[in-house]
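A short write-up of the structure that comes next.
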Amino acid sequence: MKKILLTLIAPALFTAPLAMANSSTAPVAGKNYKITEEKLSESPKVIEFFSYLCGHCRDFDPAVAAWAAGPGKDVAIKQVPVSFGNKQWTGYAKAFYVSEALNMRAVTHKALFDLANNGVKLDNDEAIAAFFIGLGADKILTNQTIKSFAVNSKIAEGDRLAMHYRIREVPSFVANDKFVTSPSMSASNEAMLDMLSALCALHDTEK
């Protein structure tokens, strides 16, 4: 009898580690999130895969930012813009990394969402440079940064990560290197963020 009970209980503990704070339904593996083959991280962390050209990413961004400042305040959050091999998406991904290098993300993040929403193309270095120079960035430094090995390497690394985690849609989130989820796997955006909190609460205690 004890062996049967353990068999029944163990999967429940793994597939529904924590009840979502604002929901009576616990997250279910295979339905609300996917489990990767990676080892659980030693501390809470989230990778957000997104694109400035994704309307859902734009609409969801304020809620994600509020979560990061509240329930996710102790979670290391990394945003990764993906290209999926699209020239336009690659241009906006490059703009993201240029903004990081120039320490301008506070100024450019919403501006890039608005730019994409208005149909502005950033599919070449000249257009990207014009955007940053228009915001007051130094022309020479901007052009050097756009063409830098560091920026282009980060674009390639972002796409590699997306392939590694088999990301097929944006926004998508990877919690603690182990769990992949997205709004499409939840009943609502709020439910997805509750689930993200639950998944982030799992981490390795062993050193």
ask   = Looking at segment 59-109, which of the residues that are charged (D, E, K, R) and out of contact with any strand residue (DSSP E or B) (no Cβ under 6 Å at 6 or more places or on another chain) is farthest from D177 (Cα to Cα)?
value = K87
ask   = Can you pull out the residues in segment 141-174 that are out of contact with any Asp or Glu (no Cβ under 9 Å at 6 or more places or on another chain) and among the small types (G, A, S)?
value = S148, A150, S153, A156, G158, A162
query = What number of residues in segment 40-54 are surrounded by fewer than 23 Cβ atoms within 10 Å (Cβ to Cβ) and part of a loop (DSSP other than H, G, I, E, B)?
reply = 6
ask   = Taking segment 132-186 only, how many residues are among the aliphatic types (A, V, I, L, M), free of Cβ contacts under 8 Å to residues at least 12 places away in the same chain and within 20 Å of S83 (Cα to Cα)?
value = 2
inquiry  = I'd like the residue in segment 89-129 that is surrounded by 15 or more Cβ atoms within 10 Å (Cβ to Cβ) and polar (S, T, N, Q) and, out of all such residues, is nearest to E169 (Cα to Cα).
reply    = T90
ask   = Restricting attention to segment 81-118, which residues are more than 20 Å from I140 (Cα to Cα) and of a type in the set (G, A, S)?
value = S83, G85, A93, A106, A111, A116
ask   = Among the residues of segment 168-182, is any farther than 30 Å from G30 by Cα, touching a Ser or Thr at 6+ places or on another chain (Cβ under 7 Å), buried (at least 21 other Cβ atoms within 10 Å of the Cβ) and of a type outside the set (D, E, K, R)?
value = no
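Yes/no per residue for (1) at pLDDT 95 or above; (2) in a helix (DSSP H, G or I); (3) within 20 Å of L53 (Cβ to Cβ):
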{"position": "T145", "(1), (2), (3)": "yes, yes, no"}
{"position": "V151", "(1), (2), (3)": "yes, yes, yes"}
{"position": "M163", "(1), (2), (3)": "yes, yes, yes"}
{"position": "R168", "(1), (2), (3)": "no, no, yes"}
{"position": "V174", "(1), (2), (3)": "yes, no, no"}
{"position": "A187", "(1), (2), (3)": "no, no, no"}
{"position": "A191", "(1), (2), (3)": "no, yes, no"}
{"position": "A198", "(1), (2), (3)": "no, yes, no"}
message = Take E126 and tell me if it is under 23 Å from the mean Cα position of the chain (by Cα), of a type in the set (D, E) and at pLDDT 95 or above.
response = no
ask   = For segment 101-130, what are the residues that are more than 16 Å from S51 (Cβ to Cβ) and in a helix (DSSP H, G or I)?
value = A101, A106, V107, D125, E126, A127, A129, A130
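The values are calculated or read from the model by the stated rules, or taken from the named source; none is laboratory data. Keep in mind that what you see is a predicted model, and the values were worked out from it rather than measured. Cβ sites come from the backbone with ideal geometry, for glycine too, and all protein chains shown count toward neighbours.
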